[in-house]
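The values are calculated or read from the model by the stated rules, or taken from the named source; none is laboratory data. This structure is a prediction, so every number in the text was calculated from the model and none was measured. As a convention, Cβ positions derive from the backbone with ideal geometry for all residues, glycine included, and neighbour counts pool all protein chains shown.
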Amino acid sequence: MESTCGSLLNELQIIWDDVGESDAEKDRMLLELEKECLEVYRRKVDQANRNRAQLRQAIADAEAELAMICSSMGERPIHIVQTNKSSGKLRAQLAGILPQIEEMRKRKYDRRNQFIKILEDIERIKYEIHGSRAPNSVVIDDTDLSLRKLEDSQKELQALEKEKHERLNKVLEHLNHMSSCCSVLGIDVKQIVSEVHPSLGGSDGTKNINDDTIEQLERTTEKLRKLKIQRMQQLQDLATSLLELWNLMDTPAEEQQVFQKVTCNIAASEDEINEPNLLSANFIDSVKGEVSRLEDLKVSKMKELVLKKKAELEDLCRKIHITPDASLESAIDAIESGALRISEVKEEALRRKEVLEKVEKWMAACEEESWLEEYNRDDNRYNAGRGAHLALKRAEKARTLVSKLPVMADALASKTAAWENEHGVYFIYDGVCLRSMIESYKVLRQEKEQEQKRLREQKKLQGQLLTEQEALYGSKPSPMKNQGMKKGRRMSCGGASNKRLSLGGASIQQTPRASMTPLAKATPNTRDARRNENANLDMERFAAHSTGRRGLDLAGFPMKQHSFNLQNAREIESTMKRKPFSPISSTDSSKSNIANVLEEMSKKQDVFPEQFTSKSVTPFTTPSKPTSAAEAENRTPQVAAAAAASTLPLSPSPSTAFIPMQTAMTPFRSTLKPIDNEIEYSFEERRAAFILSKGNMMQV
Amino acid sequence: MTAAAPPNLGRELFSPPSDGISNLRFSNHSDLLLVSSWDKSARLYDASTNVLKGELIHKAPVLDCCFHDDSSGFSACADNKVRRLVFNNNREDVLGSHDAPVRCVEYSYATGQVITGSWDKTLKCWDPRGASGQERSLVGTYAQPERVYSMSLSGNRLVVATAGRHVNIYDIRNMSQPEQRRESSLKYQTRCVRCYPNGLGYALSSVEGRVAMEFFDLSEAGQSKKYAFKCHRKSESGKDIVYPVNAIAFHPIYGTFATGGCDGYVNVWDGNNKKRLYQYSKYPTSIAALSFSRDGKLLAVASSYTYEEGQKSHEPDAIFVRNVNEIEVKPKPKVVPNPAT
């Protein structure tokens, strides 16, 4: 190259020399030459550069496509990393990438086809199931052809296939059921089925399985079932009549044989009747025919009988020359009209059936309502007893039922009205117009509601009063207490046992200190468990006795006085209303106790101070006052805790549990109420009096 | 005294009174315990060492007692006499007498006077420094509407509860007439009255298992805080057995209080939060009296039949001194929800 360029230049030099070009011209031409050469070079360089850029572009494009395909397929684009710039030459790079792209394109195509197939299947099944729109051509999202999506689609497809299968089964089941029903009913199943959907009639595989079809199938099946039941009942009624008639008329067996299959199903349930055509209209008609034939036969036989009797009668009459009366004629008429009437009433029953069912329901609900009222009136309804939980449950149910009652009555009224419109007569229930019954019930109910409202208000008022009382006096009678009180009273005041008790008390009095040590007798020491089996009785007796003993000890009262005491105590028993310090069960005994002590105290009240100071023996000469003191608010109570103390409960372990106080507001009283004249004594005063009296005794 | 009390009742003091315990009080300066009894004795125990330090026998049952200083005290006796007792040399001086048994006695450190209440329906104030003889030591006699049953002193306020459910509140600097005359909020006989340590009111218990919490402040706001609550009751198969509440004792530090009833239980209450804080296990018989020591670390419990059912055989009278845990008496803040309820 160098040589050719040089030699050409030499040649040019020689030519120019020969031509005798001027140096300036030579220089110009050389410059031109140089410029042209440069241009040629530049062109080539540019071209090469362009080529390289194109190549790079191609590689980049290829890589991009590869990456896109990979990403759409959900694979990692490893290839690019491998073939990256390391291998240097661009052409080699491109050559390396191209086959990969080809490969990936092919895979993508395959994957795409897979998708198309699955999605098409999905669409097809969806169409079959929902059937709303034609299967539209599947649209594939090219950017996501990953395996995971494929799997998802496959799962969807499987689920759909399963559903399809289930639906198909359901349809087949319905069809089976329908065909069996139809065969029993003697109806062409194919016709019915193709009414639902033409595809179902065919015996080939494709059956319409969409929602509509299934729903229709269900409806049809239900319709058929109802029809079947209705016909079955009809047939069974007929069968009953048949049997009766056979029985009545001693129908020969061969005649019965024909309808044996009717009578053998007399008690069958719906699904037990499978024999084809057993319930077909024709067959039932034929049975009906048989029944009416037998009925006719019966009537004619009866007529025959009557006629025979009539003939006999006439014969007899003729023989003894009496004119026969016409009573037998009317008997025949009665037989005929009776048969007619029976069929009429049967029809009537059919028509009334629907309303009657509703009436029955309503009546049952009314019954529950009245039961509930009764129950609500029972104050002891929440007491645990046998069957209480059952009653509670029943009450719960009854309450919901009662809440529905007004609606029920309204529905019944409208139904009755509709029935009356339809038939043009009043609906008579046991001789009473049903609608007027409902009306009167409604009025009654309204009255009851008003009454209840009034009661509620009254109760509220009472409650307010009670809380006010609670605030005033700090105690509120609880229903429990009352109940306990009742029980207690029954226990200790009840006729015979009480009599026995008081007798016992009296007898002990008459033989004081007979067997017991004075102290033991003196107070009802009911801590003693052995004695406590019958705490009530014992305490009562002791109470009575202690009066006696005390009287003796203190002043040596004559016996009359004691019995007077005892009597007094009894009086108080019945007059006293409330005593707060005793368990209720031992109410009365403790009452008498208190009463006795009080009485004693009140007896002593005059002499007490002198006694105390002068230590003189003052016999109790003041007769015991009628103890109005017993009803004193502030009487000193006898703690009758003893009854309970005998069976000491496990002493509860000290608890740190926070227990709220049972508090109540107390009213402020700045003004003092005048106090009644009765005397109250504290425990200490009574103790002091006792010690004193003991001292006196000793002195005496 | 061989039989040791079950540990959960506290330490039982040796040589207890032989008859009912009418009252017991801790000293304001030490753990000495003064006990009065129906056995006609007034006894001084050292509760921390369980030693009987002195005993003075009266002519009649002693119904109440209180400290003067650690070696001397005052007694209220059923022989109508008010005495000053000096245990160092076993001496007793009669301050004077009422017309009926003296039921309560209080000593006011503020005025240096002894105040006694009696079943003769009077209150009397005595100056113990006066020479022996009623004429000299009697400061004043103040008529009460009824027999005095219980009395409590806090600062200058004296609350007197009498029969007939009267409650008179005095300022002891002016005893001429009560500052307030009230009727008990409770329906039944008053058993015990005790002033709050903060001097704002008093608690009053009745024979019918109930305690009323009262306030001196007569304004509507002050009176709206008052309430009463039921306690010392037993519910058995739907029947309520109600016991008298014999004793109330306030904790000197926390202001919570213990109540003792004829059911043999001691309950600790938080009056502000209206909660029961604690119930100690049952004592053998009725709780006759309760007293917290000056620092509230000890609680003396007199388990002694209180004659609520008349003369009868009963458990022996005993005095238990128990250590008080903080958890039993410290009020719990209101915000803590009670998990038990």
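Evaluation of B:G238 against the conditions (1) surrounded by fewer than 17 Cβ atoms within 10 Å (Cβ to Cβ); (2) at pLDDT 90 or above; (3) not hydrophobic (A, V, I, L, M, F, W, C) shows that the sole unmet condition is (2). Within region B:39-63, the set of residues being under 20 Å from B:K81 (Cα atoms) and in contact with a Ser or Thr (Cβ under 6 Å, 6 or more places away or on another chain) comprises B:D39, B:A42, B:E55, B:I57, B:V62, B:L63. Only one entry in A:S71, A:S86 is polar (S, T, N, Q), at pLDDT below 85 and closer than 15 Å to A:D142 by Cβ, namely A:S71. Being under 19 Å from A:E367 (Cα atoms), outside any loop (DSSP other than H, G, I, E, B) and in contact with a Leu (Cβ under 6 Å, 6 or more places away or on another chain) is a property that does not hold for A:A409. Of the helices (runs of 4 or more DSSP H) that lie entirely inside region A:148-255, those containing 2 or more residues that are within 38 Å of the chain's Cα centre (by Cα) and not charged (D, E, K, R) span A:211-249.
B:Y305 falls short on exactly one of the conditions (1) outside any loop (DSSP other than H, G, I, E, B); (2) surrounded by 17 or more Cβ atoms within 10 Å (Cβ to Cβ), and that condition is (1). Just for region B:153-176: of the residues that are polar (S, T, N, Q) and touching a residue at least 12 places away in the same chain (Cβ under 8 Å), which one is nearest to B:S291 (Cα to Cα)? Only one residue tops the list, namely B:S154.
For beta carbons closer than 6 Å, sequence separation of 6+ or different chains, a first residue in region A:420-443 that is over 17 Å from A:K353 (Cα atoms) and in contact (Cβ under 8 Å) with a residue 24 or more places away in the chain and a second that is aliphatic (A, V, I, L, M) and loosely packed, with under 14 Cβ neighbours inside 10 Å, there are no qualifying pairs. Cβ-Cβ distances below 7 Å connect the following pairs, each with a first residue in region A:458-477 that is more than 14 Å from every other protein chain (Cβ to nearest Cβ), a second residue that is modelled with pLDDT under 80, and a separation of six or more residues or different chains: A:L466/A:K476.
Search region B:20-75 for residues being aliphatic (A, V, I, L, M) and assigned to a loop (DSSP other than H, G, I, E, B), and hand back the single one that is nearest to the chain's Cα centre (by Cα). The extreme case among them is B:A47. Evaluation of B:K275 against the conditions (1) within 9 Å of another protein chain (Cβ to nearest Cβ); (2) crowded, with 18+ Cβ neighbours inside 10 Å; (3) closer than 23 Å to B:S36 by Cα shows that the sole unmet condition is (3). If you scan region B:183-233, which residues turn out to be facing chain A (nearest Cβ under 8 Å), surrounded by fewer than 23 Cβ atoms within 10 Å (Cβ to Cβ) and either touching a helix residue (DSSP H, G or I) at 6+ places or on another chain (Cβ under 9 Å) or of a type in the set (A, V, I, L, M) (or both)? The answer is B:E183, B:K187, B:L218.
When A:R352, A:R386, A:R341 are checked against the criterion of being over 22 Å from A:D430 (Cα atoms) and of a type in the set (K, R), a single residue qualifies: A:R386. Checking region B:94-106 against the condition returns a match, with at least one residue being touching a residue at least 12 places away in the same chain (Cβ under 8 Å), among the basic types (K, R), within 14 Å of chain A (Cβ to nearest Cβ) and closer than 28 Å to B:V211 by Cβ. In the set (1) more than 18 Å from B:N80 (Cβ to Cβ); (2) surrounded by fewer than 22 Cβ atoms within 10 Å (Cβ to Cβ), the condition left unmet by B:D120 is number (1). Return the only residue of A:I691, A:I675 being modelled with pLDDT under 80 and under 20 Å from B:S118 (Cβ atoms). Result: A:I675 is the single residue among A:I691, A:I675 that is modelled with pLDDT under 80 and under 20 Å from B:S118 (Cβ atoms).
Condition check ((1) among the hydrophobic types (A, V, I, L, M, F, W, C); (2) surrounded by 11 or more Cβ atoms within 10 Å (Cβ to Cβ)) across all residues:
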| site | (1), (2) |
| --- | --- |
| A:A349 | yes, no |
| A:L356 | yes, yes |
| A:C366 | yes, yes |
| A:P406 | no, yes |
| A:A418 | yes, yes |
| A:S440 | no, yes |
| A:E447 | no, no |
| A:Q452 | no, yes |
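Summed over region B:60-77, the residues that are over 22 Å from B:S108 (Cα atoms) and either out of contact with any Lys or Arg (no Cβ under 7 Å at 6 or more places or on another chain) or crowded, with 21+ Cβ neighbours inside 10 Å (or both) give a count of 1. Across region B:72-88, the qualifying residues are those that are within 14 Å of chain A (Cβ to nearest Cβ) and not aliphatic (A, V, I, L, M), and the one among them that is nearest to B:S22 (Cα to Cα) is B:C77. Inclusion of B:V336 among residues that are within 13 Å of another protein chain (Cβ to nearest Cβ) and either at pLDDT below 95 or crowded, with 18+ Cβ neighbours inside 10 Å (or both) is warranted. Test B:S137 against the criterion of being crowded, with 17+ Cβ neighbours inside 10 Å, modelled with pLDDT under 95 and closer than 27 Å to B:L56 by Cα, and give yes or no. Yes: the conditions hold for B:S137.
Exactly one residue among B:T256, B:T306 is among the β-branched types (V, I, T), closer than 20 Å to B:Y196 by Cα and either within 12 Å of chain A (Cβ to nearest Cβ) or over 14 Å from the mean Cα position of the chain (by Cα) (or both), and that residue is B:T256.
Selection of first residues in region A:15-31 that are under 19 Å from A:C5 (Cβ atoms) and of second residues that are in a loop (DSSP other than H, G, I, E, B), restricted to Cβ pairs under 9 Å at least 6 apart or on distinct chains, gives the following pairs, ordered by first then second residue: A:I15/A:E21; A:M29/A:E21.
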